[in-house]
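Report on the following structure.
Bear in mind that the values in this text are calculations on the coordinates, not laboratory data. Predicted, not measured: the structure shown is a model, and the values here were computed from it. Glycine gets a Cβ as well: all are built from the backbone with ideal geometry, and neighbour counts include every protein chain shown.
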Amino acid sequence: MFGFTAKQLTGVGIFLFVLFIGVPLIIGATGRWDFYFTLTSVALLAIASAGVWLTFYIGRINIGQGAFALIGAYVSAILVVKAGWSFWISLPAAGIFAAIVAILIGLPILRLRGVYFAMITLVLTQVVTLTALALPITNGAKGISNIPLPSGVSLFGIPILPDFAGMENTKLAFYYTACILMVITYAALYRLVNSRLGHLCRSMQQNEELASSIGVNIAYIRIVIFAISSFFGGIGGAMFGSIAQSVYPSSFQVADSVNFMLNCFLGGLGFVFGPMLGTLVLYFGWDLLFEFGKYQMLIYSTILILIIRFLPNGLLSLRFGKGGDK
Amino acid sequence: MEQILANGVYLGSQYAMIALGLTLIFALMNVLNFAHGQMYVIGGFVTYTFYGQWGVPFVLALVMSCVTLAILGALIERYLFAPVIKGSAREESTMLLAAGIAFFLDAVILLVFGEKQRGVPKIVDGVFNYDFRLIMPYDRILICVLAILSIVAFIGLMQYTKTGRALRALAQDRTAAQLMGVNVDRYSMIGFALGAMLAGLVGGLLVTITGVNLGMGGPTSIKAFMMVMIGGAGVISGAIWGGIILGFMEAIGLAVLYQYGDITYLLIFVSLMIFLAIRPQGLMGKPWG
């Protein structure tokens, strides 16, 4: 069906089943309601990490995703709080705004490669954080708090999305929203990687000059890819702001940008679903180790070092991943 | 004005030393050492323990900082970076390793030394005062002179010894150096140890003035990256220039724009981005390092 093998379809089926039915059942049975928040965060961070992975796909190390997540969070928050928009319209608006910023900034900086690009995106994260501190519309260090929960949407009198404020269990609602967004993101990513554009990206990853010499418009492609990547970042950030109901300049910092990059490395750069797994392991693992108290960081970093020492090409290089191997 | 210039020289000489170690490691192994700031903090804590706690003479405590970090750097290179570089498909994977080591060192610092701000007694008392136009405590002047001396010693080592020649050859072309009979593995390890040692030395020097605490690692790394970028990645003279330029920018910016606070850093970062977009290889780097 649609060119997928039966094995891939089963894999995706199992994954969706676990995501939408299995996890709520397990959480309901064990009573660990706090896991909803953790897993929602994982889903949203995985969306932003998908963007970073995409820039890796054209051979650029992106340590600037925190900047675009912060931009997305602020745009959505300002539109909802100050302009009174519905959250569901502000969400794509935040993504598009982040993408436009990415195009403007990307035009000069995407000419850089290797560590130079990595460093300039790292600096970009600092610039956005400091700008958020300095601008009046973002309210400085106080940030924007008391963002209302997403309101309901109805088309021709038929309710499409429920009103989050009137719901008993917003955690579950946010979990489903984040998971649906994540599934859409990764489906789009998989489609993109297997399209003509994806092949062109792979040619750029290997050798930009060669790709250019056989007629690939590399300047155009890298802008498009960077814009898509930042769009994901903006969406993830906006949704995060809505869940936390507040945005501060410190919501996304350099450390977050570095973490987005680490998620991709850990999952494996050669695999579409790498960043998702990487985010799950890094974020969920950190949460699970909370019980160790002051040794949490020590154990966490030791495991991280061991993983990269013995699996330098990412977790998915073990090949227990299903479907989407690329 | 004199005050701003003196502050610039003082900041610049410290910054240059931090950047030197980072750029050396980058030039040799193509590794962005995210853990550089943490190494600097450890250097500070070792000096604090020996000089501040146990009353060992300051110079001896500094030597202990250097030795500790050199051993740490050598071990990290030998058992972590070297195997990962050999085994990974894309060499950027070392960034994850470097970040993991940064987390690990942070955890170790937290467990061993705690999260409090630590300071040591002054090494020399008194303040140099030139007609109230230039005021500078004597210990700052001493640290500044020591930093400049260390930089000179480092350049001497790189230029005039056999080790330095091997390291420079390695930075220029790894394969060619190997073909000329340079023991690549051994000198990579020495280079990494040297870079870590410089970080420890700065940490030991600065603990006498700013003290040391757990949170200093990350921001120090970022500043060091910026200096390396200004001067050009992997170039020794570039790192020194980068340190001096950043030091002066900070000194001037904080003096002129002090009522606006963080605007100084915003301006520094934005101008750095514009500069890098125009000249990506920095002042004296090789393009596409």
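Just a few scattered comments:
- Under the simplified labelling scheme, the A:Trp286-A:Ser86 pair shows an inter-label distance of 3.4 nm, with each label point 7 Å from Cα along Cα→Cβ.
- Proximal aspartates and glutamates relative to A:Lys294, as straight alpha-carbon distance under 15 Å, when same-chain residues fewer than 8 apart are discounted: B:Asp106, B:Glu115
- Cα-projected label distance for A:Val23 with B:Val145, points at 7 Å along beta-carbon direction, nm: 6.3 nm
- Cβ crowding within 10 Å, taken as a proxy for footprinting-reagent exposure, orders B:Ser65, A:Ser203, B:Ser221 from fewest neighbours to most as A:Ser203, B:Ser221, B:Ser65.
- Label zone at B:Leu283, where the point sits 7 Å out along the Cα-to-Cβ direction: region B:135-160 residues whose backbone N lies under 12 Å: none
- All alpha carbon pair distances within region A:168-223 were sorted into 5 Å bins beginning at 0; the resulting P(r) in whole percents reads 4, 17, 18, 14, 10, 9, 8, 7, 6, 3, 2, 1.
- Equivalent-ellipsoid semi-axes of region B:1-71, from the Cα gyration tensor, Å, largest first: 23, 22, 9
- Applying the Karplus relation 6.51 cos²θ - 1.76 cosθ + 1.60 with θ = phi - 60° to region B:214-230 yields 3J(HN,Hα) values of 4, x, 6, x, x, x, 4, 4, 5, 4, 4, 4, 4, 4, 4, 5, 4 Hz, where x marks Gly and Pro.
- Projecting the Cα positions of B:Gln259, B:Gln159, B:Gly238 onto the charge dipole of region B:142-289 (unit charges on Cβ atoms of Lys, Arg, Asp and Glu, taken about the Cα centre) puts B:Gln159 furthest along the positive direction.
- Each Cα pair under 8 Å and six or more residues apart adds its separation to the average, and for region B:1-109 the resulting relative contact order is 32 percent.
- Geometric descriptor of region A:214-288, per residue, is 121 Å³ (volume of the convex hull of the Cα atoms).
- The ranking of B:Ser93, A:Ser230, A:Ser242, A:Ser212 from fewest to most other beta carbons within 10 Å of each one's beta carbon is A:Ser212, B:Ser93, A:Ser242, A:Ser230.
- Charged neighbours of B:Ile190, selected by a Cβ distance under 15 Å, balance to +4 (K, R count +1; D, E count -1).
- Taking chain A and dividing mean pair separation by its residue count, relative contact order in percent (alpha carbons under 8 Å, at least six apart): 32 percent
- P(r) weight above 17 Å for region A:22-66, C-alpha pairs, percent: 49 percent
- Rough spin-label spacing in nm, given labels placed 7 Å along Cα→Cβ, for A:Ile299 and A:Leu210: 4.6 nm
- Net dipole in debye of region B:1-117 [+1 Lys, Arg Cβ; -1 Asp, Glu Cβ; about Cα centre; nearest 20]: 220 debye
- Kyte-Doolittle at least -0.5, axis length at least 27 Å by Cα - qualifying DSSP helices, chain A: A:34-57, A:87-109, A:114-134, A:170-193, A:218-244
- 13 Å reach of a label modelled at B:Leu60, 7 Å along Cα-to-Cβ, counting backbone N of region B:111-154: none
- Intensity falloff of chain A expressed as log10 I(q)/I(0), Debye formula with alpha-carbon point scatterers, at q = 0.11, 0.14 Å⁻¹: -0.72, -1.18
- Here B:Val256 and A:Leu197 are evaluated by their C-beta separation; at R0 = 41 Å the FRET efficiency comes out at 0.30.
- Cβ crowding within 10 Å ranks B:His36, A:His199 as A:His199, B:His36, fewest other Cβ atoms first.
- One equal scatterer on each Cα of region B:127-212, no solvent, Debye formula: the resulting log10 I(q)/I(0) at q = 0.10, 0.11, 0.26 Å⁻¹ is -0.40, -0.46, -1.21.
- Over the protein assembly as shown, dividing the summed -39,500 (n - 2.57) contributions of all DSSP H runs of at least 4 residues by the number of residues returns a 222 nm mean residue ellipticity of -22000 deg cm²/dmol.
- Relative contact order computed over region B:161-252 (Cα-Cα under 8 Å; 6+ residues apart), in percent: 15 percent
- Near B:Ile101: Cβ cut-off under 15 Å, other residues only, Lys/Arg at +1 and Asp/Glu at -1. The net charge is 0.
- In region B:111-255, one over the average inverse separation of all distinct C-alpha pairs is 17.8 Å, which is the Kirkwood hydrodynamic radius.
- GNM flexibility winner over chain A from A:Ile109, A:Ile78, A:Ile96 (Cα, springs under 10 Å): A:Ile109
- Distance cut-off 28 Å, percentage of C-alpha pairs in chain B lying past it: 37 percent
- Kirkwood-Stokes translational diffusion coefficient of the protein assembly as shown, alpha-carbon pairs, 25 °C, 0.890 mPa s, µm²/s: 96 µm²/s
- Count of Lys pairs (Cα-Cα under 30 Å; at least 8 positions apart or interchain) in chain B: 7
- Gyration tensor over the Cα atoms of region B:222-284: the corresponding equivalent ellipsoid has semi-axes (square roots of 5 times the eigenvalues, largest first) of 22, 12, 8 Å.
- Positive minus negative residues near B:Gln159 (Lys, Arg vs Asp, Glu; Cβ under 13 Å): +3
- Reported value for region A:183-326: 148 Å³ per residue, from the convex hull of its C-alpha atoms.
- Considering only A:Pro148, A:Pro275, A:Pro108, the mean-square fluctuation computed in a Gaussian network model of chain A, springs between alpha carbons under 10 angstrom, is largest for A:Pro108.
- Label-zone membership for region A:111-145, site A:Leu104, 7 angstrom Cα→C-beta point, backbone N under 20 Å: A:111-112, A:120-140
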